[in-house]
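Visitor: The structure follows.
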Amino acid sequence: MESPACSILICDDSMLVRKKLRDILEEMHCRVFEAKNGLECVELFKLHSPQTVFLDIVMPELDGLNALKQIRECDTKARVIMLSSTGTSAKLLEALKSGATDFIQKPYTKEQIAKAIGYTE
């Protein structure tokens, strides 16, 4: 078995979104971890130090913006890509100011995800 090309943490409160993204990333030979809210995301980030985090903005317990801030406190170079269907410019701006690397609007394409993680076939 090939070793994973990368390790990715997906954080979204929707199980369907997590499954779809996991399927795409596993096709690209990534090792995938999943969190259903911001609190879980921060804990898994500390535990596994993934190369990239896909982070939803609107979630229960701890939203994506606050999870992003906590992740950046742990690792100032953390690569965090925000995923959201509520693409309000204020939230996008706040995410980028807080250190998000990129922002992808839902629904996204496999090509957008591949480009975001630098995957080439």
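Since every read-out is calculated from the coordinates, none of them should be taken as a lab result. It should be emphasised that the depicted structure is a prediction, and the values quoted were computed from it without experimental measurement. Every residue, glycine among them, receives a Cβ derived from its backbone with ideal geometry; neighbour counts consider all protein chains shown.
Visitor: Between Lys46 and Asp23, take the C-beta separation as r, use R0 = 22 Å, and let me know the FRET efficiency to the nearest 0.05.
Guide: Approximately 0.30, to the nearest 0.05.
Visitor: For Glu61 and Thr120, FRET efficiency with R0 = 25 Å and r from the beta-carbon atoms, rounded to 0.05? List each step's numbers first, then the result.
Guide: On the way: r = 36 Å, r/R0 = 1.44.
With a Förster radius of 25 Å, E is 0.10.
Visitor: Further question: Can you put Glu40, Glu61, Glu121 in order, fewest other beta carbons within 10 Å first? Don't skip to the end; give the middle numbers.
Guide: Numbers: Glu40 19, Glu61 13, Glu121 5.
Least crowded to most crowded, the residues run Glu121, Glu61, Glu40.
Visitor: Given axes a ≥ b ≥ c from the Cα gyration tensor, I'd like to know whether the stretch 6-113 is rounded (a/c under 1.5), prolate (a/b larger than b/c) or oblate.
Guide: Numbers: a/c = 1.41, a/b = 1.12, b/c = 1.26.
In terms of gyration-tensor shape, rounded.
Visitor: Under a plain spin-label model, where a point goes 7 Å from the Cα along Cα-to-Cβ, how far apart in nm are Leu93 and Ser14?
Guide: Reported label-point gap for Leu93 and Ser14 is 2.6 nm.
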